[in-house]
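The values are calculated or read from the model by the stated rules, or taken from the named source; none is laboratory data. Please read all numbers here as calculations on a predicted model, not as lab measurements. Cβ sites come from the backbone with ideal geometry, for glycine too, and all protein chains shown count toward neighbours.
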Amino acid sequence: MKMLINGEWRDAVSGKVFSVQNPATGDVIEEAPLGGEEDVRSAVEAAEEAFADWSAKSQRDRAKVLFFAAVEVRHRNTDLAALLTAEQGKPIREAVDEINGFANILEYYHALSASGRGESQTLKGYGRMLVRRRPLGICGAIIPWNMPAIIMGWKIGPALVAGNTVVLKPARTAPLTCTRLAEILGGAGLPPGVLNVVTGPGETVGREIARHPSIRKVSFTGEVETGKQVALDAAPALKRVTLELGGSDPMIVAGDADIGKAVEGVIRGRYYNCGQVCTAVKRLYVDESIADEFVRRLTARVGAIAVGNGMDRGVEMGPLNNRAGLLRVAGLVEDVRERGEGEIVAGGRVPEGERYERGLFFLPTLITGVPHDSPLFSEEVFGPVLPVATVSGFDEALALANNSRYGLGASVWTRNADLIARATEELEAGIVWVNQHLKIPPEVPFGGTKESGIGRENGSRALEEYMEDQAVLIRL
Ligand code: NAD
């Protein structure tokens, strides 16, 4: 694979490459160019040149390209999903959903393009005021490896419909699907230079995108500390930043909850994508009146999750994406074991057997009796490990849920209207789910409060974030 700059496939200026490995097998899937600052600069030049023509097109014409690309993405879903599973590790079923999700996002912004409106008003004594919505210029998009296609869609969908051009950097361990999707957009009619993909390390490619003075906005998704660095790098040019950062989502299960549904909510909410989702359920608070039964049923269900290569039939959970992530998760569980702070009731180790030997697998893990000040509650655990705490009522659950530097998502499981009202009022989170967790269709504005981020992606609001107003006062 090569980088896609100005509509051409290019090697890195350095001439170097890096290997993209399958986390389930350790096999090298493909080599990708090891881009650097110079490659970002030539992508910015291409994006600068492409901007005038692209921004001059009607929003409708720009959106049509996204629509045609979505049709092609759906047509090639099987191959794209297999590529995503190979580089990322998720079960093929989840990969198929993610590729369809990417197409959904493009179609959503295509549909929105028909509803764009400016403002016009006569101001007595001043004349006619018009408010024009203009694209920002070149936008940077920095993508993590956990949901590369969806997050790419969240960034490029609104950016391109609004008339911007884009320099995109995929994550090092999952650059292939993003590049393939960019190629499909080119085939659907996106002119050369409108969307450029530079592969390589965050410290060079990512930082140059954050710093480059010609890039007017950078949308970053990744870890909190990286996001803070991006904000610092973007500050001298006063560029706009959207930061979609980590989360430690609480799930509160009230005493009246439907236990069966809530158990399934945890299975999907925590173990989907091997727990590597920003809005995964990362802390579970269960009312003491149902805690015993809940934990018993959940433990049995967690223990039954089929782990394996995402391409294999029946597999519900694949490997972690990268070795650093596996080591971090395994280390946190080891600490629990060493300090005796909690009981590991399911998983807690690397699975045994030949089929797991070459991959980055860790068993779905459930830990009870963890103290509230444990890193399992205070840190973002990016893998299939869930601490459970029993609470003495809804007040305690809400207080514990809000006791976090994160504020991305949260869910409450109850049929009691008063508790739902309280939870939606009081939970400090960018998104609150009731009797569900994790689902984010294209219409939903998505982003965090507190250290989980700045700005919103997805939904109609995101289009605004890729435009700025120009006021015009006309007197004849
Ligand atoms: P990461 O911060 O390590 O990397 C994210 C991207 O930034 C990668 O492309 C990386 O190469 C690049 N990067 C690294 N250092 C950089 C720098 N100094 N400047 C610019 N770019 C740099 O995160 P990750 O491990 O890829 O992803 C996991 C994290 O992403 C988790 O914390 C997760 O919660 C978060 N996440 C958040 C959302 C959200 O929407 N809020 C969605 C998915 C993932």
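With (1) in contact (Cβ under 8 Å) with a residue 24 or more places away in the chain; (2) in contact with a Pro (Cβ under 8 Å, 6 or more places away or on another chain) as the list, and ASP11 as the residue in question, which single condition is left unmet? Of the numbered conditions (1) in contact (Cβ under 8 Å) with a residue 24 or more places away in the chain; (2) in contact with a Pro (Cβ under 8 Å, 6 or more places away or on another chain), the odd one out for ASP11 is (1).
The residue list SER378, SER392, SER404 contains one member that is small (Gly, Ala, Ser), out of contact with any helix residue (DSSP H, G or I) (no Cβ under 6 Å at 6 or more places or on another chain) and crowded, with 18+ Cβ neighbours inside 10 Å, which is SER404. The conditions of being of a type in the set (A, V, I, L, M, F, W, C) and in contact with a strand residue (DSSP E or B) (Cβ under 7 Å, 6 or more places away or on another chain) are met by ALA423. Total residues in region 428-458 satisfying the condition of being of a type outside the set (D, E, K, R) and without any contact (Cβ under 8 Å) to a residue 40 or more places away in the chain: the figure is 6. Sub-6 Å Cβ pairs linking a first residue in region 402-413 that is among the hydroxyl-bearing types (Ser, Thr, Tyr) to a second residue that is assigned to a strand (DSSP E or B), at least 6 apart or interchain, are SER411/MET251; SER411/TRP433, ordered by first then second residue.
Which residue out of VAL40, VAL65, VAL71 is in contact with an Asp or Glu (Cβ under 6 Å, 6 or more places away or on another chain) and either surrounded by 17 or more Cβ atoms within 10 Å (Cβ to Cβ) or farther than 12 Å from GLY200 by Cβ (or both)?
Answer to the check: VAL40.
In this structure, is VAL385 touching a strand residue (DSSP E or B) at 6+ places or on another chain (Cβ under 8 Å) and within 16 Å of the ligand (Cβ to nearest atom)? Criteria met by VAL385. Total residues in region 145-188 satisfying the condition of being away from the ligand (no atom under 14 Å from the Cβ), surrounded by 24 or more Cβ atoms within 10 Å (Cβ to Cβ) and of a type in the set (Val, Ile, Thr): the figure is 4. Applying a threshold of 7 Å to beta carbon distances and a minimum spacing of six or more residues, or different chains, the list of pairs starting in region 200-216 at a residue that is farther than 14 Å from MET3 by Cβ and modelled with pLDDT of 95 or more and ending at one that is within 8 Å of the ligand (Cβ to nearest atom) and of a type in the set (Ser, Thr, Tyr) reads GLY202/THR226. In this structure, is ALA210 of a type in the set (A, V, I, L, M, F, W, C), out of contact with any His (no Cβ under 7 Å at 6 or more places or on another chain), under 22 Å from GLN88 (Cβ atoms) and within 14 Å of the ligand (Cβ to nearest atom)? So ALA210 does not fit the description; no. Highlighted here are the helices (runs of 4 or more DSSP H) found entirely within region 389-476 that include at least 1 residues which are under 13 Å from ILE252 (Cβ atoms): 394-402, 417-426.
The residue list LEU332, LEU360 contains one member that is touching a residue at least 60 places away in the same chain (Cβ under 8 Å), within 16 Å of the ligand (Cβ to nearest atom), on the phi < 0 side of the Ramachandran plot and surrounded by 18 or more Cβ atoms within 10 Å (Cβ to Cβ), which is LEU360.
Taking the listed residues ASP256, ASP233, the one that is modelled with pLDDT of 95 or more, in contact with a Lys or Arg (Cβ under 7 Å, 6 or more places away or on another chain), within 10 Å of the ligand (Cβ to nearest atom) and not polar (S, T, N, Q) is ASP233, with no other qualifying. Of the residues making up region 217-255, those that are of a type in the set (S, T, N, Q) and in contact (Cβ under 8 Å) with a residue 24 or more places away in the chain are SER219, THR221, THR226, THR242, SER248. Remark: pairs (first residue in region 256-282, farther than 21 Å from ALA24 by Cα; second residue in a helix (DSSP H, G or I) and within 12 Å of the ligand (Cβ to nearest atom); Cβ separation under 8 Å; 6+ apart in sequence or on different chains) = ALA280/ASN273.
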